[in-house]
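Participant: Handing you a structure now.
The values are calculated or read from the model by the stated rules, or taken from the named source; none is laboratory data. As the structure is a computational prediction, the values presented were derived from the model and not from experiment. Glycine gets a Cβ as well: all are built from the backbone with ideal geometry, and neighbour counts include every protein chain shown. Note: accessible area is taken over every heavy atom of the protein model, side chains too, but ligands, DNA and RNA are not part of it. Shrake-Rupley method; radii C 1.70, N 1.55, O 1.52, S 1.80 Å.
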Amino acid sequence: MGIFDEIKKKLSHEFIDIIEWLDNTDDTIVHRFERYQNEIKNNAKLIVREGQVAVFVNEGQLADVFNPGTYTLNTQNLPILTTLKGWKYGFNSPFKAEVYFVNTRLFTDEKWGTKNPIMLSDARFGLTEIRAFGTYSFRIEDAGKFVVDVVGTDGNFTNYEVNEHLKSLIVTRFTDTVGEANLPIELYAANTTELSDTCQEVMKPEFSRIGIELEKFYIENVSMPEELKKEIFEYSRLDKLDLNKLTQFKTAKAIEAAAKNDGGTAGAGMGMGMGFVMAQQMGGMMNPQMMQQQPAVQPQGAAVPPPMPTQVQYFYAANGQQMGPVTFDKLKELFANRTVNKDSLVWKQGMANWSALQNVEELKVFLGGNTPPPLPTV
């Protein structure tokens, strides 16, 4: 560059008396107004548009901050810079200061996520891992603090640069929050709204320290390993298990499987009996309180009582569906209120096939009017 070019550049910059920034980008947060040797002409015009703040910095020290409006730059409008410069009687020559325009609009839909899994301790499943991702929105709240603490001497600071700093802060605070929440592992994904609000309250002071306002924070998804998902589903099923319904379901499945065998109705009866026994065994395992207790050791020579009699269980057909099992007394009650009648099919363990109630010997007492057989002849 020749000497005349240097003089031309100096003159073209030194005598520009309007300072403004027309933002033609979508991601610029801070733009430094460039001038020759940072010189500003006395009584220059400063234009700050809506959504902007102008920050004056003198030798790395924050000076004056201007909100939207048009200003004439002199000692009256630059009180802090005047103090820093030591101007007692005003100034008539150009002065030096760095001018930064800060974009104060709301930056939305910024992405965040955990690069590595977060380790958590769950009371039931032990050490587990989760991942999370979502979005957040922010705006510059304190332009002076942001320029001094974050931007420094960067002439064109974008939201990509600030996001790299904010994402690390978000992941750190998110990890602390979910760790202190101590929720069951499956509830993190089911309570993303409440967790998002909590994380936002925790992060707001951290953002504010560098002049940023965290407007919104969203957790869109919390994921866990597939193996852990399967364990949680199985645990949930067992926790909600209805033993009576399980017994009926297992019995019906056993009957269905037996009916498909070549044994015909006899096979169906046997399968039904086996299914019922299996269901009883499962019920004993699922409900330890119903398991028989071990008999106490009897003193030598003491009489041992016989085992307690077990009640016979009956299945019965009603409205084309299999019902039961029920006890003898319950079946008698059903007969009395006409839920079943003498022609209703019943079955108990040991019977080969379903049979009408009136044909089962011990159930004939329901019919009433029993006549004893004739006395034997001598």
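Participant: Using a Förster distance of 45 Å, how high is the FRET efficiency between Asn359 and Asn182, based on the Cβ-Cβ distance and rounded to 0.05?
Facilitator: 0.10
Participant: On a full-extension model of 0.36 nm per residue, what is the gain between Ala190 and Arg124, subtracting their alpha-carbon distance, rounded to one decimal in nm?
Facilitator: Length difference between fully extended and current span is 22.0 nm.
Participant: At Ser223 and Leu106, where each label point lies 7 Å from the Cα along Cα→Cβ, what is the point-to-point distance in nanometres?
Facilitator: In this crude label model, Ser223 to Leu106 measures out at 2.9 nm.
Participant: With the Cα gyration tensor of region 98-169 giving a ≥ b ≥ c as the square roots of its eigenvalues, does the rule (a/c under 1.5 for rounded; else a/b larger than b/c for prolate; else oblate) give rounded, prolate or oblate?
Facilitator: Taking the square roots of the gyration eigenvalues as a ≥ b ≥ c, region 98-169 is prolate.
Participant: Kindly flag which residue pairs out of Lys167/Lys216; Lys111/Lys230; Lys115/Lys145; Lys45/Lys96 have an alpha-carbon separation exceeding 21 Å in this structure.
Facilitator: Lys111/Lys230; Lys115/Lys145
Participant: Show which aspartates and glutamates lie in cross-link reach of Lys229 when reach means a straight Cα distance below 20 angstrom and same-chain residues fewer than eight apart are skipped.
Facilitator: Asp122, Glu129, Glu186, Glu220, Asp239
Participant: Sticking with this one: Quick one: pull the percent of accessible area on region 78-214 belonging to carbon and sulfur, 1.4 Å probe, ligands and nucleic acids left out.
Facilitator: It is 49 percent, rounded to a whole number.
Participant: So, R0 is 22 Å and r is the distance between the beta-carbons of Leu367 and Asn319; what FRET efficiency does that work out to, to 0.05? Please report the intermediate quantities before stating the final value.
Facilitator: Numbers: r = 22 Å, r/R0 = 0.99.
Working from the Cβ atoms, E equals 0.50.
Participant: Could you calculate the contour length gain from Ser137 to Asn116, that is, 0.36 nm times the residue separation minus the distance between their Cα atoms, to one decimal place in nm?
Facilitator: Contour length minus the Cα-Cα distance gives 5.3 nm.
Participant: Right, here's the next one. Pop a pseudo-label 7 angstrom from the Cα along the beta-carbon direction at both Gln349 and Glu256 and give the gap in nm to one decimal.
Facilitator: Roughly 2.3 nm, to one decimal.
Participant: Search the structure for amide H atoms under 5 Å from the amide H of Asp64, placed 1.01 Å from N in the peptide plane, and list their residues when 5 or more places away or on another chain.
Facilitator: Correct list: Phe56, Leu81.
Participant: Would you please calculate the Kirkwood hydrodynamic radius of region 171-212 over all C-alpha pairs and express it in Å, rounded to one decimal?
Facilitator: It works out to 11.0 Å.
Participant: Per residue of region 161-175, in order, report the coupling 6.51 cos²θ - 1.76 cosθ + 1.60 (Karplus, θ = phi - 60°) as ³J(HN,Hα) in whole Hz, putting x for Gly and Pro.
Facilitator: So the Karplus estimates, Gly and Pro as x, are 5, 6, 5, 4, 6, 5, 4, 4, 5, 5, 4, 5, 6, 5, 4 Hz.
Participant: Still on this structure: Could you pull out every one of the aspartates and glutamates with an alpha carbon less than 18 Å from that of Lys330, ignoring same-chain neighbours closer than 8 positions?
Facilitator: Once the sequence-local aspartates and glutamates are set aside, what remains near Lys330 is Asp343, Glu361, Glu362.
Participant: Using amide H atoms built 1.01 Å from N in the peptide plane, name the residues 5+ places from Lys96, or on other chains, whose amide H lies under 5 Å from its own.
Facilitator: Ile40
Participant: Hey, another quick one. Using 0.36 nm per residue of separation minus the Cα-Cα distance, give me the extension gain between Arg338 and Ile47 in nm, one decimal.
Facilitator: 95.3 nm
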